[in-house]
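Student: Below is a structure I'd like to ask you about.
The values are calculated or read from the model by the stated rules, or taken from the named source; none is laboratory data. Nothing here was measured: the structure is a model prediction, and the numbers come from that model. Positions of Cβ are generated from backbone atoms using ideal geometry, with glycine treated the same way; all protein chains shown enter the neighbour counts. For the accessible areas, the whole protein counts, side chains as well, though only heavy atoms, and no ligand, DNA or RNA atoms are used. Shrake-Rupley method; radii C 1.70, N 1.55, O 1.52, S 1.80 Å.
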Amino acid sequence: MPPKKKARVRKPVSPVELMQTCLERDLDTAFLHDETGELDLPRAGNIIEWIMDPRFYGVRPFARQMQAAVTFLEQYCPFCSDMEYLKRVSVDDTSDDFLERIQLLRFGICPECSRTEHDMDFEFYYEFSGCWGMRSGKTAVTAGMLAPYHLHRLLMLREHPSSYYSLLPGQGLTGIFVAVTAGQARETLWDAFTAAGAASKGYREYFRVLRSYEKRTGQIVHKNLDTFIAFIHKGLGISYMGADTRTIRGRTRFFSAIDEIGWFDHQDSARIRANAAETHKACVRSLRTVRAAASRLRDDGMINVPDGLSVNISSPAERQDMILSLVRSAKPGTRKLGSHLATWECNPTITRADLQEEFDKDEQEAERDYGAIPPLAANRFISNDEAIIGASHSDVHMMCSLVSEVKTVGTSSFMTGRLRHREENRYAQAPCVLAVDNGEAHNSLAVAMICLDGDNFVAPLLGELVPDPHRVSLPSVEEDVIIPLVEKYNVRYVVYDRWESLRTTQYLDQHYQDVECYRYSMQYDDFTTVRSLLLDGGTLVPRCEVPIDTLFQGDMDANTLAGKPVASFLLQAATVRLVGHKIAKPAHGNDDIWRAWALGVRTAHTHRDVLAAPYARGGTQGTKAVIYKGSAGAMSRSTGKVLVGDVARNSKGQVLITVGSMSRGRR
């Protein structure tokens, strides 16, 4: 019996691929522009005309929606409009109120004073980022107004778009709606876009004209399907897709919109799907061709030029998410417009009082979802900002600082660290813990020294080496940082996390018998113990390098806090997340310094009795305990003399000496 042939599995084809196939058809479009009759159809002079005129869409938008659309597209006359009103449009205003105070341009010209957009100090925005609350009309503005109007402008150009923008003959241009998954993109933006098209008399008439031409000539010039729309004779198409950085690249686009980008992953740069930064970057790059062409046309004196538009309106997840990053980046001169509105500031049908039940259930969640004011981080492990801020104390000073240094050996360059010591420090002789959180290629290498001051665990050293762009050389860090710290200060314990530390721990065990060195992997109970110590005010770090009131506003990130280890620690402590019974790094940052600190505090708490033993405040710097079989003493490195003092034991039961008040060289 002959073997059965395997059934051929057809790979699913995405809507974007189908649309692109249609646009790549060998169609002579030179004659179609005049033959279809579409140029006899009415054109909207501005977006408000397209939205409100029954010939096009025929709906009445909210005043705040009109404000956002008109400001973004700069289709108002600043000479003939009430500009103070445009800046402070009230949610309770009607569309008639808006039109009474704002003079709209038509095709880039003011009907009142005849000035053109070139006579006005416009930014010519091409990106709109809105952090808006839920139920504020985000989808309506993006997919129901801006996207169909922008497509209308390109369809009604008097020449083929590729010719208008001086592109290759017949080159296709596409628009795209993006979400975490293709299904979500379809359910939100795409369905709203197609619904607006179906409800628009202007689009219905346009499709009627195209169908009439196709019936008359037998020439297919468009495809209007559930998954994509292709205007083959214009080389224009629009569709939707999931946020996959492998497939979102490469197209030349005239429009892009990303749904709820605030909830994308904003930290993992290697992530392929739902990567906020990479998805946004891919969309922006796909718009560059049209943007550059539009700029050239404006430089040549043309007006009312459609640009390559990017529209991203999202509710926020946390203060350092992508949507708030985009809003913060929208500054004068960037050609980006940002907007930050609560639900009740945009949608007049939902008031703050209507949402009181939501606030009563969970105020923080309601503030995030409807007030568009997110927490510093979602699912915070330590949610008490006052306790975190209170840990920063002006009486605690760094006894040394860790700075990065790049070394080159042959053709290879790598990163190591260099220590800068303070001449005097009250903790220089204190028995302490040195904790190291190892990184190399992707995470920072962080160190923390913890000692005991009365009842408080103090961190007179916090530092990190960030591997950008060079990798951290762990052997060099051992030689340049770890061993010098053990040599100079009264380090009793060196503890590493579980990564890449075996070589160093073995070396320290062999050469420094008075230093207990081991690896330890923090467990959930360890983190809760450390959290309790912080919340009870039992941990202190040096004064923060930046004003505390600005640290938690969401403007700070790893780049702005480079070289500021205390500020980095405080922000990391406030943003590490609890996921089940695991402590996860912040969604939009790192946690290396915090983990090193937590490891050090846990170790110091475990060995509190050893760290609490008497030591010489201001006495011999560099005096260390040395283990002897059956006896104990302390040796000064500068003289090599053995000093005698009180006896104590470490956690291994080995006998140690505590020096008391002896000074250098004294027997």
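Student: Just to be sure, is R106 open to solvent by less than 50 Å² (accessible area, probe 1.4 Å), touching a residue at least 40 places away in the same chain (Cβ under 8 Å) and over 25 Å from R249 (Cβ atoms)? Spell out how you get there, then give the answer.
Tutor: Numbers: open to solvent by less than 50 Å² (accessible area, probe 1.4 Å): no; touching a residue at least 40 places away in the same chain (Cβ under 8 Å): yes; over 25 Å from R249 (Cβ atoms): yes.
The answer is no for R106.
Student: Among L287, L225, which is the only one that is out of contact with any Cys (no Cβ under 6 Å at 6 or more places or on another chain), aliphatic (A, V, I, L, M), closer than 30 Å to M52 by Cα and exposed (fewer than 15 other Cβ atoms within 10 Å of the Cβ)?
Tutor: L225 is the lone residue from the list that is out of contact with any Cys (no Cβ under 6 Å at 6 or more places or on another chain), aliphatic (A, V, I, L, M), closer than 30 Å to M52 by Cα and exposed (fewer than 15 other Cβ atoms within 10 Å of the Cβ).
Let's see how each residue does on (1) buried (at least 21 other Cβ atoms within 10 Å of the Cβ); (2) touching a Ser or Thr at 6+ places or on another chain (Cβ under 8 Å); (3) of a type in the set (D, E, K, R):
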{"site": "A430", "(1), (2), (3)": "yes, no, no"}
{"site": "N438", "(1), (2), (3)": "yes, yes, no"}
{"site": "I450", "(1), (2), (3)": "yes, yes, no"}
{"site": "H470", "(1), (2), (3)": "no, yes, no"}
{"site": "Q506", "(1), (2), (3)": "no, no, no"}
{"site": "C517", "(1), (2), (3)": "yes, yes, no"}
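Student: Just checking, does region 411-423 include any residue being modelled with pLDDT of 85 or more, in contact with a helix residue (DSSP H, G or I) (Cβ under 9 Å, 6 or more places away or on another chain), assigned to a helix (DSSP H, G or I) and buried (at least 16 other Cβ atoms within 10 Å of the Cβ)?
Tutor: no
Student: Return the residues of region 310-364 that are out of contact with any Pro (no Cβ under 9 Å at 6 or more places or on another chain), in a helix (DSSP H, G or I) and farther than 30 Å from F124 by Cα; say none if nothing qualifies.
Tutor: A353, D354, L355, Q356, E357, E358, F359, D360, K361, E363
Student: Here's something else I'd like to know. Report every pair of residues separated by at least 6 positions or lying on different chains whose Cβ atoms are under 6 Å apart, first residue within region 449-470 and within 16 Å of L534 (Cα to Cα), second open to solvent by 40 Å² or more (accessible area, probe 1.4 Å) and at pLDDT below 95.
Tutor: L452/A612
Student: Kindly provide the set of residues from region 519-547 that are under 20 Å from L462 (Cα atoms), open to solvent by less than 60 Å² (accessible area, probe 1.4 Å) and without any contact (Cβ under 8 Å) to a residue 12 or more places away in the chain, ordered by number.
Tutor: none
Student: Regarding L341, is this residue open to solvent by less than 40 Å² (accessible area, probe 1.4 Å), farther than 30 Å from G308 by Cα and either among the basic types (K, R) or in contact (Cβ under 8 Å) with a residue 60 or more places away in the chain (or both)?
Tutor: For L341, the condition - open to solvent by less than 40 Å² (accessible area, probe 1.4 Å), farther than 30 Å from G308 by Cα and either among the basic types (K, R) or in contact (Cβ under 8 Å) with a residue 60 or more places away in the chain (or both) - is not met.
Rundown of residues vs (1) of a type in the set (A, V, I, L, M); (2) over 30 Å from R285 (Cβ atoms); (3) touching a strand residue (DSSP E or B) at 6+ places or on another chain (Cβ under 8 Å), yes/no style:
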| position | (1), (2), (3) |
| --- | --- |
| G308 | no, no, yes |
| E318 | no, no, no |
| S325 | no, no, no |
| K336 | no, no, yes |
| N347 | no, yes, no |
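Student: From the residues in region 91-117 that are out of contact with any helix residue (DSSP H, G or I) (no Cβ under 7 Å at 6 or more places or on another chain) and among the polar types (S, T, N, Q), which one is nearest to M302 (Cα to Cα)? Walk me through it before giving the result.
Tutor: Going residue by residue through region 91-117, those that are out of contact with any helix residue (DSSP H, G or I) (no Cβ under 7 Å at 6 or more places or on another chain) are 92, 96, 99-100, 103, 106-107, 109-117.
Among the residues that remain, those that are also among the polar types (S, T, N, Q) are: 103, 114, 116.
Working: Q103: 21, S114: 15, T116: 10 Å.
This residue is T116.
Student: Just wondering, is there one or more residues in region 184-203 that are assigned to a loop (DSSP other than H, G, I, E, B), of a type outside the set (A, V, I, L, M, F, W, C), at pLDDT 95 or above and crowded, with 21+ Cβ neighbours inside 10 Å?
Tutor: Scanning region 184-203 turns up at least one residue that is assigned to a loop (DSSP other than H, G, I, E, B), of a type outside the set (A, V, I, L, M, F, W, C), at pLDDT 95 or above and crowded, with 21+ Cβ neighbours inside 10 Å.
Student: Looking at region 135-155, is at least one residue open to solvent by less than 60 Å² (accessible area, probe 1.4 Å), outside any helix (DSSP H, G or I) and either more than 30 Å from T334 (Cβ to Cβ) or not small (G, A, S) (or both)?
Tutor: For region 135-155, residues open to solvent by less than 60 Å² (accessible area, probe 1.4 Å), outside any helix (DSSP H, G or I) and either more than 30 Å from T334 (Cβ to Cβ) or not small (G, A, S) (or both): absent.
Student: Quick check, is V495 under 30 Å from the mean Cα position of the chain (by Cα), modelled with pLDDT of 85 or more and under 22 Å from M399 (Cβ atoms)?
Tutor: Taking the combined requirement at face value, the residue does not satisfy it.
Student: Got a number for residues in region 388-410 being in a strand (DSSP E or B) and free of Cβ contacts under 8 Å to residues at least 12 places away in the same chain?
Tutor: Number satisfying all stated conditions: 2.
Student: Hey, another quick one. Conditions: (1) over 30 Å from L39 (Cβ atoms); (2) crowded, with 19+ Cβ neighbours inside 10 Å. G235 meets all but one. Number of the miss?
Tutor: Here G235 meets the rest and fails (1).
Student: Need the failing condition index for Q506 against (1) closer than 13 Å to L462 by Cα; (2) assigned to a helix (DSSP H, G or I); (3) over 26 Å from the mean Cα position of the chain (by Cα), just the number.
Tutor: Result: Q506 fails condition (1) only.
Student: Also: Of all the residues that make up region 368-391, how many are within 20 Å of the chain's Cα centre (by Cα) and either open to solvent by 50 Å² or more (accessible area, probe 1.4 Å) or among the charged types (D, E, K, R) (or both)?
Tutor: Matching residues across region 368-391 total 5.
Student: For region 473-492, give me each residue that is out of contact with any Lys or Arg (no Cβ under 7 Å at 6 or more places or on another chain), closer than 30 Å to T411 by Cα and modelled with pLDDT of 85 or more.
Tutor: Residues of region 473-492 out of contact with any Lys or Arg (no Cβ under 7 Å at 6 or more places or on another chain): 473-475, 477-479, 481-489, 491-492.
Imposing the further condition that a residue be closer than 30 Å to T411 by Cα reduces the set to 473-475, 477-479, 481-485.
If the condition is that a residue be out of contact with any Lys or Arg (no Cβ under 7 Å at 6 or more places or on another chain), closer than 30 Å to T411 by Cα and modelled with pLDDT of 85 or more, then V477, E478, E479, V481, I482, I483, P484, L485 are the ones that fit.
Student: Among the residues of region 156-167, which ones are assigned to a loop (DSSP other than H, G, I, E, B) and more than 36 Å from the chain's Cα centre (by Cα)?
Tutor: The answer is M156, L157, R158, E159, H160.
Student: Select from region 293-313 the residues that are touching a Phe, Trp or Tyr at 6+ places or on another chain (Cβ under 9 Å) and hydrophobic (A, V, I, L, M, F, W, C) and write down the one among them that is nearest to F177 (Cα to Cα).
Tutor: V311
Student: Please specify each residue of region 519-539 satisfying the condition of being among the hydrophobic types (A, V, I, L, M, F, W, C) and either modelled with pLDDT of 95 or more or part of a helix (DSSP H, G or I) (or both).
Tutor: F527, V530, L533, L534, L535
Student: Also: Within region 213-244, how many residues are closer than 21 Å to L309 by Cβ and among the hydroxyl-bearing types (S, T, Y)?
Tutor: 2
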